[in-house]
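The values are calculated or read from the model by the stated rules, or taken from the named source; none is laboratory data. Computed from a predicted structure; not experimentally measured. Here the Cβ is made from the backbone with ideal geometry for all residues, glycine too, and neighbour counts use every protein chain on show. Just the protein is used for accessible areas: all its heavy atoms, side chains included, with ligands, DNA and RNA removed. Shrake-Rupley method; radii C 1.70, N 1.55, O 1.52, S 1.80 Å.
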Amino acid sequence: MTSGSENDYKAKLIACVKKEVKQVMEESVTKKFVHEESGSVTSLCGAVEACLSQGLRRRALGLFKTSSTTALLHKIAKHNSDAAVISKKVIELENLDPNRRSSSSSDSTTKPVLMKNMSLQNVNLLPKYLWIRLALFEKQLSRIIDYLVANATRYYDKDALVADPDYGSILSSLLVGPCALDYSRTKTADHFWTDPPADELLQRHRISSSHSTPPPVRRPIPNFRRSLNTSSEDSSSRCTTQHIAKDYVESLHQNSRATLLFGKNNVLVSPPKAGHTEPMPGYLSLHQTANCLTIKWTPNQLMNGFTESDVPDKSIYWDYAIQVRLDEVVYVHCHQDIETGGTVILVGQDGVQRPPIHFPKGGHMLAFLNCLETGLLPHGRLDPPLWSQQSCTARNSKRKRPLPSLVEENEPKDFVFRIVDSSNHKEISVKRHDLMNRNYVTTKVRAQLGSSSTSSESSTKSFSIDQNGVGDGTSNVCIKAVCDSMKRQIISRAFYGWLAYCRHLSTVRTHLSGLVHGTIITGDTAKDGLTQEKWCELYVDGVLQHADEVYKLTYFGGVAHDLRKDVWPYLLGHYKFGSTLAQRDELSEQTKQAYETTMSEWLAVEAIVKQRDKETQANAIAKLSSESTSGEQVPPQIQRDLSNDVFEDISDYEFDSNDDTDEDKPKRPKKTKQNTVIYDGSDEDRRKLSLEQESAEVANLHLNEESRNNNIEDNDKKFIGNVIVTNPSVDMSNILVECQRKSSLRAVTEEGTSLDTLDCIETHGLVSPARSACVSPASSNGGVYSTELLETFGLNLHRIEKDVQRCDRNYWYFTGDNLDKLRNVMCTYVWEHLDIGYMQGMCDLVAPLLVIFNDESLTYACFCHLMERMVENFPNGNAMDCHFANMRSLIQILDSEMYELMHSHGDYTHFYFCYRWFLLDFKRELVYNDVFAFWEVIWAAQQVASSHYVLFLALALLEIYRDIILSNSMDFTDIIKFFNEMAERHDAQEVLRIARELVLQLQLLIENK
Amino acid sequence: MSARVNMRPANKNTLLKVVILGDGGVGKSCLMNRFVSNHFDEHSFHTIGVEFLNKDIEIDNENYTLQIWDTAGQERFKTLRTPFYRGSDICMLTYAIDDKSSFRNMNMWKNEFLYYADIKENTYFPFIVVGNKSDVLVEEREVSQLELETWCNENGIASCIETSAKSASNVQEAFKMAVQHWLRAEIRADRTECTYSDTVDLNKKQSDSRSSCCTGASED
């Protein structure tokens, strides 16, 4: 190397460090922190490593290993305290890792231990550039480099970068900045953006899941990089291609430069350089690059720690790795053996045998030969051909063999295959071979002939390359060959494409046709949604016609915010399309009355519950103050009052072996004694109640809160001890004649149903107190509530209270009165559906409706409609499992890469990260305005495109972040965390757009059958 | 070869999975948020499904990363919650000191955890009991410290503490205590594991043989 180029090189190294430092510093400014695993940190460490290894006096220092900078660190540790600290840490870390030994350990020459069945999965890798990384995080790096620069003469050649008077100090001062940063270890959403690109991780992933079969998709091969020298001692070459080991490993995978045709692990080979006869297990792979087919074999030891090039005692394994170019091979000898899987020996042009490749059992040798034959096509072939049917038609096949026996393995036989260039221009081919080293163009042509990419794209490329060589006489033949090959490739590709498509379609048909509507409705004219103008067109004389148009406009463009109040009841099915204003007014009136009646019912019960709670609390506090012993000795009454949810599913207690039941048993007899509480009304109370109701009727405003509040106060004041009095339904009937009939009817049915429910639940044999036999029909004046009813509703009230108080409190709407409205709607629903009971998440579903309508009874009615669909998502329903199963199928069809990733993490099948999405129709994932937009589209989609639109929204959300998910190879915990952190930060319109596209995509797929 | 292995280099911190359990509204999420981000939201939402956050903590010059799992408190959401118990290192049982029933339900939570976390019978597991909302007025208190201690004694739980996520009182301490407690359990388990160890503490119970090398922390 001349000193000029030497200098250029050093300048380049420094520039590289400078760039990476800048990157890290920028990251720290923009994100306020830099993650330890950030890609920029790795690049920086790589750049530093390159500088430090340039011109290192390996020989003089006795550093012969690839990771000589680590060795250097250990060396200077004796003289420098900073380095000593890091050196100690490095050794500690390396010792933690069973798969590697410290780079400074002296036993690196010991024979490698043969490790069988090494799983690639469970290896915990230390990061690259470990010591530099540690030094950086410990803020010692610049000081260590300072030391190196100061003592450069001892460790570096005199023309090394570190020894250079300028560059050396520049290097150490560059690193002062990064050394001042604090590096974070916590993963955050931001951090995900800086991790390695998706492609790389995907490629690696692909190989891990498909060892024995070639991947279905073959990539075009755009360019070729030099094949890797696996035992590089020359560190300057490391500087130009920094990640040799990484590249090598990548080269074992399907990647942008080479197609993987075959891969099999635990193939035994005795590497010639290993010097011992015992065959070692390793990974055998067949790669197709633009130039040729290559057979590679890599010892398992390297596969396990493959990103770590810088472990010295692994470096011997790099020597063992074998690469054979198929165009150097003439004969393939196959030896079959019943006991083993067979052996393949490759014989080169020079007549030299390559080391035998021993396949494990299970037809792997045959698979390998198959792949080899496929890979050789169309320009080369095996002679005789592998397939018997071909051998019948094959021209010039002199050595016909009973090939089926190869497949059946009945009787071990040996075969010899010759690799032939099938272009029948052997002389030219030989000639070309002679020319190879001299004529670049011809080499390329020859290379193209060796290749057989199935991609038409790459064929086109090779064709254009060949045209460059037209001047050469020999290439005419080649062009013809290339054209032929193109033809064949196009046809075969078309066929395989069609085949794959058919399979795909059958999956779609079996799993997914029910998810979308068959008829495709296009929305070209509906992009703007339901605007005021459209509304005026559609809403004529108080009648909203054209349901289809409303749904379509909503689906494709949403509803103008001011119109939501009017349109949503239609979308939810509360108002009927075509109904007149008068009809709707009547409906509203009915709704309102029914709502108020129901409310008065539960308000009465609430009053009782509150009173009981008060007593209980008083008891508890009294007890607390006088308490001296264990918490288990609470009076049984309190214990009962506070016991578990009566509606608890029976299965919940299966495991609850003894504790709870034992605890319950003694309670029972006591409970039965006071199972019934009869509430007898005093006249004054009734009068007061009716007065309240009356005045509220008149005021027609906030009736329910007032009545409730007053009711409670009233009760609180009046009720003494255990006797609680009320009979709201009768009181109500005094006020409204119309209401009278209905409400008393309701009261009866209500009581009937709730008791039925309780009965039926009790038969499950739950925490069950003895059955109540208590409803006394005789008490015509007073409402009779079973203890169970009171307890159940009380528990629900307790929960609702807690959850309403913390529902959307950051949204302006939810304060004071409006929280009470939310609570009223919630309690009314639960009272009417005591069998369902309150479940967390219901409040979330009421809230947006209430914000839009700001009207309790309308909200309640619409909420009931909404719940018809949503209730199935809650724990007692089964919709959630269906959603998860459908998600699985959808991902399989619409994003196979994602599916592959999810499939590899078994946990993904749970799809728990979608749980909240489906439970609440994405309500917690979005800000309020976006929730509105999502919800109305979900409702409209039922009519327009899909009754399972939520699935497509979920899929769209995944798609938006798919690169992040894929590139980080996130498992389900990562995804849960990621989406929890991303809540309310999504681009709702984009998600909606993608979801619509996905629906259309699936519709088209199905339609095409 | 899982790619994520490469993404996550050997962490010098020990990763501990902490599950917080307890009735709805006792302040599980608030405890977590106070601990992780020293932030308290009076009106924070009830948790749907599960959430988790990570937090680094240093104890006795050792760094730990706590992966704290917050769960939905309503009993019915059990099927969603229980799969996450597996592989836990620490379980934090919580109740609110102004809510007797939440205290009483700890039995249920403890049993549910032991069952679904697949803890072998008679194996020691580091529970910690946390009585939250210690900021409430004296007259609102429904569970006394004595009751708490009694319950813990009866259930063989060594650590309990009263906290307030609202006033930030004892929250850091609670998590610290949990880790120290875990550590003691680990050391005890280690003793039974280590064969090369010269000293054997004959007084220590030898049954707590929770293997130290596969706590599940590294997998999760």
Need pairs with beta-carbon distance below 7 Å; first residue among the acidic types (D, E) and within region B:15-35, second in a loop (DSSP other than H, G, I, E, B) and open to solvent by less than 10 Å² (accessible area, probe 1.4 Å); sequence gap 6+ or separate chains. B:D23/B:G73
Any chance region A:604-614 includes a residue that's under 47 Å from the mean Cα position of the chain (by Cα) and of a type in the set (K, R)? yes
Anything in region B:135-150 that is open to solvent by 10 Å² or more (accessible area, probe 1.4 Å), facing chain A (nearest Cβ under 9 Å) and farther than 9 Å from B:I97 by Cα? List them, or say none. B:E139, B:L146, B:T150
Would you check if A:L890 is at the interface with another protein chain (Cβ under 10 Å from one of its Cβ atoms), open to solvent by less than 30 Å² (accessible area, probe 1.4 Å) and touching a residue at least 12 places away in the same chain (Cβ under 8 Å)? no
From (1) within 11 Å of chain A (Cβ to nearest Cβ); (2) among the polar types (S, T, N, Q); (3) under 15 Å from the mean Cα position of the chain (by Cα), pick out the condition that doesn't hold for B:N13. (3)
What are the pairs with Cβ atoms under 6 angstrom where one residue, in region A:352-378, is of a type in the set (G, A, S) and the other, located anywhere, is surrounded by 16 or more Cβ atoms within 10 Å (Cβ to Cβ)? Sequence gap at least six, or different chains. A:G375/A:L261; A:G375/A:Q288; A:G375/A:L293
Filter region A:787-811 down to the residues that are open to solvent by 30 Å² or more (accessible area, probe 1.4 Å) and at the interface with chain B (Cβ under 8 Å from one of its Cβ atoms), then identify the one that is farthest from A:E606 (Cα to Cα). A:N810
In this structure, does A:S142 turn out to be open to solvent by less than 70 Å² (accessible area, probe 1.4 Å), among the polar types (S, T, N, Q) and either modelled with pLDDT of 85 or more or closer than 30 Å to A:N265 by Cβ (or both)? no
Quick check: is even one residue across region A:818-831 closer than 26 Å to B:T71 by Cβ, aromatic (F, W, Y), within 13 Å of chain B (Cβ to nearest Cβ) and buried (at least 18 other Cβ atoms within 10 Å of the Cβ)? no
Return the pair list, or none, for Cβ contacts closer than 6 Å from residues in region A:36-49 that are open to solvent by less than 10 Å² (accessible area, probe 1.4 Å) to residues that are not in a helix (DSSP H, G or I) and not hydroxyl-bearing (S, T, Y), at least 6 apart or on different chains. A:G46/A:Q242
A:V324 meets each of (1) out of contact with any helix residue (DSSP H, G or I) (no Cβ under 6 Å at 6 or more places or on another chain); (2) at pLDDT 70 or above; (3) open to solvent by less than 10 Å² (accessible area, probe 1.4 Å); (4) closer than 28 Å to A:Y129 by Cα with one exception, condition (4)
Can you confirm whether region A:952-959 contains a residue that is within 14 Å of chain B (Cβ to nearest Cβ) and either buried (at least 23 other Cβ atoms within 10 Å of the Cβ) or under 13 Å from the mean Cα position of the chain (by Cα) (or both)? yes
Filter region A:573-588 for residues that are open to solvent by 20 Å² or more (accessible area, probe 1.4 Å) and among the small types (G, A, S); which is nearest to the chain's Cα centre (by Cα)? A:G573
Condition check: touching a residue at least 40 places away in the same chain (Cβ under 8 Å) and out of contact with any Gly (no Cβ under 9 Å at 6 or more places or on another chain). Does B:L114 satisfy that? no
Go through region A:535-562 residue by residue and tally those that are open to solvent by 60 Å² or more (accessible area, probe 1.4 Å) and outside any strand (DSSP E or B). 9
Scanning region A:845-872 residue by residue, those open to solvent by less than 10 Å² (accessible area, probe 1.4 Å) and under 30 Å from A:H511 (Cβ atoms) turn out to be A:L845, A:L866, A:M867, A:M870
Can you tell me which residues in region A:523-534 are more than 9 Å from A:F556 (Cβ to Cβ), not in a strand (DSSP E or B) and not charged (D, E, K, R)? A:T531, A:Q532
Residues (farther than 13 Å from B:D60 by Cα and open to solvent by 10 Å² or more (accessible area, probe 1.4 Å)) located in region B:162-181: B:E162, B:K166, B:S167, B:A168, B:S169, B:N170, B:Q172, B:E173
Out of A:Y595, A:Y570, which single residue is open to solvent by less than 10 Å² (accessible area, probe 1.4 Å), farther than 30 Å from A:A945 by Cβ and not hydrophobic (A, V, I, L, M, F, W, C)? A:Y595
Scanning region A:960-984 residue by residue, those away from chain B (no Cβ under 14 Å) and assigned to a loop (DSSP other than H, G, I, E, B) turn out to be A:Y961
Picked from region B:121-134 (must be within 14 Å of the chain's Cα centre (by Cα) and either surrounded by 24 or more Cβ atoms within 10 Å (Cβ to Cβ) or of a type outside the set (A, V, I, L, M, F, W, C) (or both)), the residue farthest from B:E147 (Cα to Cα) is B:Y124
